[in-house]
Amino acid sequence: MDDLVILWAGDRTLAVLHRGPLADWLWCPGGRRLIQDDIVLYDHDGRLGLTIDEEAAYFVDEQAVETLRSVIMR
């Protein structure tokens, strides 16, 4: 069985991501975008951006990114 990470907003599932590619991307996004289901994760000048449904765009707080990395990283 795959090791999956599920992103939720309220009661809506935004994306189901494989942990490996997410961990690789979090470690070194290198200007690439990670696209899955209804979300796009991207690096913008060292900040983690998140777009939902190609409409709303958010920057994720650095502390939240560090917490995510500590939980996701292999």
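Summing +1 for each Lys or Arg and -1 for each Asp or Glu, what net charge is found among the other residues whose Cβ lies under 13 Å from the Cβ of VAL40?
Details: positive: ARG32, ARG33; negative: ASP37, ASP38, ASP43, ASP53, GLU54, GLU55.
Summing Lys/Arg as +1 and Asp/Glu as -1 gives -4.
How big is the charge dipole of the chain about its Cα centre, in debye rounded to the nearest 20, if each Lys and Arg gets +1 on its Cβ and each Asp and Glu gets -1 on its Cβ?
Dipole size: approximately 280 debye.
Mind ordering 20-26, 54-60, 64-70 by average Cβ neighbours within 10 Å, highest first?
On the way: 20-26: 16.6, 54-60: 10.1, 64-70: 11.9.
Top to bottom by mean Cβ count within 10 Å: 20-26, 64-70, 54-60.
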Q) Say each of ARG32 and SER70 gets a label point 7 Å from the Cα, pointing the same way as Cα to Cβ; how far apart are those two points in nm? A) 2.6 nm
Q: Return the label of the correct value of Rg/Rh (Cα atoms, Kirkwood Rh), as calculated from the structure shown, out of (1) 1.46; (2) 0.99; (3) 0.93.
A: (3)
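FYI, it's all coordinate maths here, none of it is from the lab. All of these numbers come straight from a predicted model, not from anything done at the bench. Every residue, glycine as well, gets a Cβ built from its backbone with ideal geometry; the counts of neighbours run over all protein chains shown.
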